[in-house]
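Notes to accompany the following structure.
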Amino acid sequence: TYFAALALQLMGEDRLGLDDPVSQYLGDLPWYFRIPNAEKITVRHLMTHTSGVMRYEFKEAFTEDLTAQPDKVWEPEDLLFYVLDEAPSFSPGEGWEYSDTNFIILGMVMEAITGEACYDLIQVRFLDPLGLENTVPSSSRSIPGLIQGYAGPGNPFGGTDEVLLSDGRFVINPQFEWAGGGFASTAGDLARWARALFTGEAVSPDLLPRMLDGVPAGLGPGSRYGLGVILNETPAGPSQGHSGFFPGYLTEMAYFPDLDVAVAIQVNTSVGRALGRSPFSVLVELARAAATTPGAMDADDH
């Protein structure tokens, strides 16, 4: 969501167009046209996961290399290597498949436009102004304050259930994720971010309709996906937010406009069945409770 918000700001500054071909920005790179659908994909396709470019992160070759080289610093080009020359999942705009690869490419586009690191731009444009002091890039094996997470004994990302070693370092280098996620945070910061993003504080309110214009997504009955946002109809009304997955951790974050409530939850396992119920159902229940309990939260707690 941070990288999507950065893209939206660049659109508001007329530096990035939603229907710009990606080749306009990256076509000079020697490997670019080996990406599936390289000639046809646009920024919109990347941000809505309708590009047909498959996920790199669950490729067996990638997880094996990641596990075998825990100190490797991954460049975006290293990640794209795992999908080069593959047949696309579908033609651009004719299907939907969640793929971190889309946002890796988007991050490269934004750095080509600005000449600056996306992490630096996000810090200056969002984290500092909004006071999100507990949100940090997951850019090394050591993330201060991170609690132990559990990924299950079959975890392909490092091969261990516990994802932190005894010295506090990650069993793999989470730095690889970058624009596909790339931040460690707290539930409090995430809830504040959701409220800022979806009420027009983080990006211009004029851009919100564009962000919330979603396409059908395979994330549950009636789900849609906008520009870096999951849109659902729930017992608490419509929700605007995103899920998060990283080995050892699951996150749900959403703003409920009918209730004017933003909620986020995090759990330190990525084994969903161990929870007994979906984190998103808990999120909806918390939102309804917060909206109906007098004095449950003030404006600073949303």
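Within region 259-271, the set of residues being closer than 8 Å to ALA194 by Cβ and surrounded by fewer than 22 Cβ atoms within 10 Å (Cβ to Cβ) is empty.
When restricted to residues that are part of a loop (DSSP other than H, G, I, E, B), at pLDDT 95 or above and closer than 20 Å to TYR225 by Cβ, region 259-281 contains 0. Among the residues of region 189-229, those identified as acidic (Asp, Glu) and surrounded by fewer than 16 Cβ atoms within 10 Å (Cβ to Cβ) are GLU201, ASP206, ASP213.
Among helices (runs of 4 or more DSSP H) entirely within region 1-115, having at least 1 residues that are under 30 Å from ASP206 (Cβ atoms) and either touching a strand residue (DSSP E or B) at 6+ places or on another chain (Cβ under 7 Å) or of a type outside the set (A, V, I, L, M) (or both) singles out 2-12, 23-26, 43-48, 100-114.
Condition first: more than 21 Å from GLU57 (Cβ to Cβ), in a loop (DSSP other than H, G, I, E, B) and small (Gly, Ala, Ser). Can you find one or more residues in region 119-138 that meet it? Taking every residue of region 119-138 in turn, at least one turns out to be more than 21 Å from GLU57 (Cβ to Cβ), in a loop (DSSP other than H, G, I, E, B) and small (Gly, Ala, Ser).
Scanning region 65-85 for residues that are open to solvent by less than 70 Å² (accessible area, probe 1.4 Å) and farther than 16 Å from VAL22 by Cβ gives ASP65, LEU66, THR67, PRO70, LYS72, TRP74, ASP78, TYR82. Which members of region 253-282 meet the condition of being closer than 22 Å to LEU8 by Cβ and of a type in the set (D, E, K, R)? Passing the criteria: only ASP260. The residue pairs whose first member lies in region 29-46 and is within 29 Å of ASP213 (Cα to Cα), whose second member is of a type in the set (Phe, Trp, Tyr) and assigned to a helix (DSSP H, G or I), and whose beta carbons are closer than 8 Å, counting only pairs six or more residues apart or on different chains, are ALA38/TYR32; GLU39/PHE33; LEU46/PHE103. Residues that are assigned to a loop (DSSP other than H, G, I, E, B), open to solvent by 30 Å² or more (accessible area, probe 1.4 Å) and farther than 25 Å from THR50 by Cβ within region 230-258 comprise PRO235, ASP258, listed in sequence order.
The values are calculated or read from the model by the stated rules, or taken from the named source; none is laboratory data. As the structure is a prediction and not an experimental result, all values here were calculated from the model. Note that we place each Cβ from the backbone using ideal geometry, even for glycine, and neighbour counts take in every protein chain shown. All accessible areas refer to the heavy atoms of the entire protein, side chains included, with ligands and DNA or RNA removed. Shrake-Rupley method; radii C 1.70, N 1.55, O 1.52, S 1.80 Å.
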